[in-house]
Amino acid sequence: MALRLGPYLARNSGNSFRETGLRDAGLPIVAFGTVTALLLTVAGGSQVFWSWTDDIAGTYQALAVVAMVLLIIPLLTLGASAARLAARRRDDRLASLRLLGANSATVVWMTVIESTVLAAVGAVAGAGLYACAAPFLGLIQFRGQAIGGHAWLSVPSILGCILAVCVLAAASAALGLRKVVVTPLGVRTRQTADGAHWVRGLIAAVVVVIGVVAMGMLSSFGAFIVIIAVMGGCFGLALLALNLMGPWVLRLRASSQLKRAKRPEQLLAARTVLESPKESWRQVGGVAMTSFVGVFVGVGMAIADAMGTAGDTEAALLVRDINTGVMITLLGSFLMVACSAGVNQAAAVLDRASTLVALDRVGMPRKLMVAARVKAVMSPLFLVAGISAAAAAVLVLPLTGAVLLTQPVVLLTIAGVFAAGFLLVRLAVAAGTAQIAQVLARPERYASVDS
């Protein structure tokens, strides 16, 4: 049944393939492709460290684990967002099927299959992109020589990554359909609430405290592999906690701004965030993750400066390699911000197309729509980036001490990360707001999407 109904649901009444293809297929495929390419690149670049067995290999392996956790957790978050994006625009039509008598299993399977197909297409494209990038990745030098063929993953590893992306897409799509399966009428009439409970903040605070305690006890764990596992687990859980807490923080801030709003764009921006704190978090979450990574990058550069070279060839290579590693980590983080911001901004405008058309018809100036959109995204950026950087600083404090965290190189790196992250999101917002004019130029294509 799900396979037979799928092609019919793929047809969007009243909209051309150009718009629906971009919204329903193109954006998720781009996101899944980027996730897969970066996952394979991170895995391929890191596997060289595990082929070494000498005395200093453990240092490189510990640094590799930190870098992988700092990149893979945000990548998985981006992958989950891509899966939700693949299923989100199907909610209305799937809810209509539920109202017409389709059972829950049919609705779930239809969306899971569709999201998995999109993920598979994007993942295969991402694997192709990785294959193109791997020769250049092999030119990167560690310990005085290029990593070369170590940058290439085995075919089973590549297939396993593609399968993991597809499983992530299927799981995220199934979880995202709970509101359609449970309350189809509420979804169809836009009456479901996107809650962001205070429990999210409490859980995040507890996770960070546990992480700080665990980081302070690293020396007592003894076995090197246990120390690496604890470090990686603390960093990964902290990133997940930030992702969990983010929507709640945005809801609190928007509620406060709504009470103090004095201009129309302030009111509209606050209402936009309150309508869906989780969606608003996805617009800025990439910068929060990058700010978290930026603290570790700054600390890594400070450690490299403190080590010096002093004629020791091995120490000089380690210093250079630390700097290389932190730059690669930062570059990967910025690529994720660019992809996340671009995809989410484009999707947000397309998702609100019918609302924009309705506002235009009642006489709202287009400049006001653009100003409200910009404010809804840019206004909370500094807050979420600051909270994320503070959480990272607290987490590494037991290892580095306050003196290292206040080094100029750390502060300048964090400031640079903030500036670059804000610029990327602002460019994405500019591209998204440019679509508003395109939407309003052809209102007949969107006016009936949500009706």
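The values are calculated or read from the model by the stated rules, or taken from the named source; none is laboratory data. Since the model is a prediction, treat every value here as computed from it, not as a measurement. With ideal geometry, Cβ positions are generated from the backbone for all residues, glycine too; neighbour counts draw on all protein chains shown. Side chains included, ligands, DNA and RNA excluded: accessible areas come from the protein's heavy atoms. Shrake-Rupley method; radii C 1.70, N 1.55, O 1.52, S 1.80 Å.
So who's got an amide H within less than 5 Å of the one on Ala146, skipping anything under 5 residues away but keeping other chains? H placed 1.01 Å off N, in plane.
none
Whole-Hz ³J(HN,Hα) for each residue in the range 332-346, computed from phi via Karplus 6.51 cos²θ - 1.76 cosθ + 1.60 with θ = phi - 60°, x for glycine and proline: what do you get?
Result, ordered by residue: x, 5, 5, 4, 5, 4, 4, 5, 4, 5, x, 5, 5, 5, 4 Hz.
Would you please give the FRET efficiency between Ala358 and Thr313, computed as 1/(1 + (r/R0)^6) with r the Cβ-Cβ distance and R0 = 51 Å, to the nearest 0.05?
0.15
Write down the accessible area per residue of the range 266-409 in Å², having rolled a 1.4 Å probe over the full set of protein chains.
I get 38 Å² per residue for the range 266-409.
Could you derive backbone 3J(HN,Hα) for the range 275-284 from the dihedral phi with the Karplus parameters 6.51, -1.76 and 1.60 (θ = phi - 60°), listing whole Hz in sequence and x where the residue is Gly or Pro?
Coupling constants for the range 275-284: 4, 8, x, 5, 5, 5, 5, 5, 6, 10 Hz.
When the chain is fully extended, how far beyond the present Cα-Cα distance does Ala171 get from Ile203, taking 0.36 nm per residue of separation?
9.2 nm
Beta carbons within 10 angstrom, averaged per residue: use that to sort the peptides 201-208, 67-74, highest first.
So the order, starting with the most tightly packed, is 67-74, 201-208.
Based on the mean of other beta carbon atoms within 10 Å per residue, what is the order of 327-337, 26-36, most packed first?
Result, highest mean first: 26-36, 327-337.
Determine, for each peptide in 232-245, 140-153, 272-285, 122-135, the mean count of other beta carbons within 10 angstrom over its residues, then list the peptides with the highest first.
The packing order, highest mean first, is 272-285, 232-245, 122-135, 140-153.
If R0 is 25 Å, what FRET efficiency do you get for Thr406 and Phe382 from their C-beta distance, rounded to 0.05?
Approximately 0.80, to the nearest 0.05.
Counting only protein heavy atoms, what percent of the accessible surface of the range 281-393 is carbon or sulfur at a 1.4 Å probe?
Carbon and sulfur: 69 percent of the exposed surface of the range 281-393.
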